[in-house]
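Q: After the structure tokens below, expect a handful of questions from me.
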Amino acid sequence: MKDMSYTGVMSRRNEIMKQSIGIDYTTFETGGIAFDYERMMKEAGYSLKEIIDIQTNVSIGNTPIIELRNLTALARKVSKTGQAARIFVKDESCNASGSFKARRAATAIYHAKKLGYKGVLTATSGNYGVAVASQAAKYGLKCIVVQECYDSRKVGQPEILEKQRACEALGAEVVQLTVGPELFYVFLCLLEETGYFNASLYTPFGIAGVETLGAEIAEQFMARHNKHPDVVLVTHAGGGNMTGTARGLRKAGAVNTKLVGASVDLSGLHMASDKDFNKKSFTTGHTGFGIPFATLPDRSDVPRNAARSLRYIDRYLSVKQGEVFYITESLSVLEGLERGPAGNTSLTAAFALSQEMKNDQTIVVQETEYTGAGKHHMPQLTFARENGIEIKFGDPDTEVPGKSIILPSDPSMIKLRDHDLDRIRRSYIKNCVKDSKELTDAEITFLMEETNSSEEFVRETLKNL
């Protein structure tokens, strides 16, 4: 009999992961803190052409880019200079499961089928669970989705419950948990019990699935406008969205396009706190994921996370909850598009960022997602009010996560708040080297690549630790 205690299961973590993914991550380790990231992406993933073929066979990808002319006009009306960049959006809601996560799931489930697994397992409360369920149905595989969806009072977050409904409608079994540390333990137990494939968000083939999104943006924009976009704005959570899109843009030649990330400001709320769980109106795309995953990417459910956002991000912005709800409503009434919260996070940042740019410049918001009964902004606001959150119009800067949601009194009040990327880079380096002795030249080079910085920056950071 195997030891099924928490300690016993965790002691077998690497063994369980190796069996459930089919990747021996030790082959990419180079000693110390470093590993060969590019070799891992090449040997454990798929080429861009292979992924395009995989996704095309299941009707994923080649989604349209839509120009948001009315939102652009509003941005120019409230801009202090009278100018604002043209805003476009890549409409990923057109994918089978209604979000860009279909691209990640397509490669993961294809890989599981190729390796002969009978079923797939994923731990996610977001759109990825729906995407995995959708692709598993296409490939005839069993599917289990593990969700954190309730607090200790058994009160469920509407957006997560909406995704539970969607997963079950697509034939998946959904294992529902209260928020807390047991998620990963239950996930490991199920992987070991079923022998299913771990359809993790953070495998090389999962991240490579998003590369087609970046490549499509570059190619479609070039074909239509004879240039690449000046900025691509990505909602930033675990980092896979940013990483895959950036790699795809580069492979398609858009090397001068700036990559900007955006998260909803939920500072002060703890993502694993039972008390805070239903105090937030956003289950992804917020600082509770964006900052921790940027500074410690290998906190994920695989030994080496293929999502390494600091390698690619040029600027990192935060927006307020009330601002995102405002832009979500604006997208509906000005552009006739009802879309879900995650893509509207980056759209909110794009609305403000456009006003720092010229009329002849362009921003592409990298994705949209479907909306539904629980994901819609109206039930989210109702749920917030039921949980004691004050909702009013005013200055978004006065918003306090967990206590208030402040809708801007005027669209001119929507603004950008920059995260200090150098500070985030220093935190990443600190997390890497806390148990290390003097680093080798190879490890210094690895840290330079990981943080997209210079040798001088890395050595100065090490000196000051």
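The values are calculated or read from the model by the stated rules, or taken from the named source; none is laboratory data. Everything numeric in this text was worked out from a predicted model, so none of it was measured. Counting neighbours? That spans all protein chains shown, and the Cβs are built from the backbone with ideal geometry, glycine included. Just so you know, the surface numbers come from the protein's heavy atoms only, side chains and all, with ligands and any DNA or RNA stripped out. Shrake-Rupley method; radii C 1.70, N 1.55, O 1.52, S 1.80 Å.
Q: If the chain were replaced by its equivalent ellipsoid, with semi-axes equal to the square roots of 5 times the Cα gyration tensor eigenvalues, what would those be, largest first, whole Å? Write down the numbers at each step before the final one.
A: Details: eigenvalues 203, 139, 110 Å².
The answer is 32, 26, 23 Å, longest axis first.
Q: Can you give the Rg to Rh ratio for segment 200-315, taking only C-alpha atoms and Rh from Kirkwood?
A: Numbers: Rg = 15.3 Å, Rh = 14.8 Å.
Ratio of gyration radius to Kirkwood radius for segment 200-315: 1.03.
Q: Rank I217, G8, Y316 by how far each Cα sits towards the positive end of the charge dipole of the chain (+1 on Lys, Arg Cβ; -1 on Asp, Glu Cβ) and give me just the farthest.
A: I217
Q: Averaging sequence separations of C-alpha pairs under 8 Å and six or more residues apart, then dividing by the length of the chain, give the relative contact order as a whole percent.
A: Values: 951 pairs, mean separation 85.3, N = 465.
So the answer I get is 18 percent.
Q: Same structure again: Mind ranking 66-75, 130-139, 340-349 by how tightly packed they are, going by the mean number of other C-beta atoms within 10 angstrom, highest first? Don't jump to the answer; show the numbers that get you there.
A: Values: 66-75: 18.8, 130-139: 25.9, 340-349: 29.8.
Ranked by mean Cβ neighbours within 10 Å, highest first: 340-349, 130-139, 66-75.
Q: Ignoring ligands, DNA and RNA, what percent of the 1.4 Å accessible area of the chain is carbon and sulfur? Could you put the intermediate results ahead of the total?
A: Details: 9190 of 18480 Å².
The nonpolar share, carbon plus sulfur, comes to 50 percent.
Q: Kindly point out which whole DSSP H helices in the chain project their C-alpha atoms 24 angstrom or further along the helix axis while averaging a Kyte-Doolittle hydropathy of 0.0 or above. Intermediate values should be presented prior to the final figure.
A: On the way: long enough: 204-225 (32 Å, 0.30).
Counting only whole DSSP H runs, the qualifying helices are 204-225.
Q: Turning to a different aspect of this structure: When the helix-only estimate is applied to the chain (DSSP H runs of n ≥ 4, each -39,500 (n - 2.57), divided by the residue count), what is the mean residue ellipticity at 222 nm, nearest 500 deg cm²/dmol?
A: Working: 18 runs with 211 residues, N = 465.
After summing the helix terms and dividing by residue count, I get -14000 deg cm²/dmol.
Q: Quick one: if the Förster radius is 45 Å, what FRET efficiency do N226 and R423 give, using the C-beta to C-beta distance and rounding to 0.05?
A: On the way: r = 39 Å, r/R0 = 0.86.
Between N226 and R423 the formula returns 0.70.
Q: A further question on this structure: Amide H neighbours of S404 under 5 Å, at least 5 residues apart or on other chains, H built in the peptide plane: list them.
A: E390
Q: If you find the alpha carbon centre of segment 142-179 and of segment 402-465, how far apart are they in angstrom?
A: 33
Q: Within 10 Å, count the other beta carbons around each residue, average over each peptide in 305-311, 231-237, and list them highest first. Kindly include the intermediate steps, with their values, before the conclusion.
A: Numbers: 305-311: 24.3, 231-237: 29.7.
Descending packing order for the listed peptides: 231-237, 305-311.
Q: Structure shown: which of K227/K258; K154/K280; K280/K375; K49/K142; K280/K392 lie over 18 Å apart, alpha-carbon to alpha-carbon? It would help to have the intermediate numbers written out before the result.
A: Working: K227/K258 14 Å; K154/K280 16 Å; K280/K375 13 Å; K49/K142 28 Å; K280/K392 16 Å.
In this structure, K49/K142 exceed 18 Å between Cα atoms.
Q: For segment 105-122 and segment 1-51, what is the centre-to-centre distance using only Cα atoms, to the nearest Å?
A: Comparing the Cα centres of segment 105-122 and segment 1-51, I get a distance of 16 Å.
Q: Could I ask something else about it? May I ask for the equivalent-ellipsoid semi-axes of segment 317-465, computed as the square root of five times each C-alpha gyration tensor eigenvalue and listed largest first in whole Å?
A: Working: eigenvalues 291, 74, 45 Å².
Calculated on Cα positions only, the semi-axes equal 38, 19, 15 Å.
Q: Express in nm, to one decimal, how much length is gained between R12 and R299 on full extension, taking 0.36 nm for each residue of separation and deducting their alpha carbon distance.
A: Details: separation 287, 0.36 × 287 = 103.32 nm, distance 1.67 nm.
Roughly 101.7 nm would be gained on extension.
Q: Among S93, F35, I23, which residue has its Cα furthest toward the positive end of the charge dipole of segment 1-114, with +1 on Lys/Arg Cβ and -1 on Asp/Glu Cβ?
A: Positive-end residue among those listed: S93.
Q: Turning to a different aspect of this structure: What number comes out for the charge environment of C167, summing +1 per Lys or Arg and -1 per Asp or Glu over other residues with Cβ under 14 Å away? Show your work: numbers first, answer last.
A: Numbers: positive: K101, K142, K163, R165, K375; negative: E148, E159, E162, E168, E173.
Computed value for this residue: 0.
Q: Moving on to the next point. Assign unit charges at the C-beta atoms only (+1 for Lys and Arg, -1 for Asp and Glu), then state the dipole size of segment 369-465 relative to its Cα centre in Debye, rounded to the nearest 20.
A: Values: 14 positive and 19 negative charges, 84 e Å.
So the dipole magnitude of segment 369-465 works out to roughly 400 debye.
Q: With the other protein chains left in place, how much accessible area per residue, in square angstrom, belongs to the chain at a 1.4 angstrom probe?
A: 40
Q: Using only Cα atoms, locate the centre of segment 326-341 and the centre of segment 230-281, then give the distance between them in Å, rounded to an integer.
A: 20
Q: Would you work out which of I65, I363, Y185 lies farthest towards the positive end of the dipole of the chain? Charges go on Cβ: Lys and Arg +1, Asp and Glu -1.
A: Value computed over the given set: I65.
Q: Right, next: Please list 356-366, 387-397 highest first by mean number of surrounding beta-carbon atoms within 10 Å per residue.
A: Details: 356-366: 20.6, 387-397: 14.7.
Put in order of decreasing packing, that is 356-366, 387-397.
Q: Quick one, what does Rg over Rh come out to for segment 20-66 if you take C-alpha atoms and the Kirkwood Rh? Could the numbers behind the result be given before it?
A: Working: Rg = 15.4 Å, Rh = 13.2 Å.
Expressed as Rg/Rh, it is 1.17.
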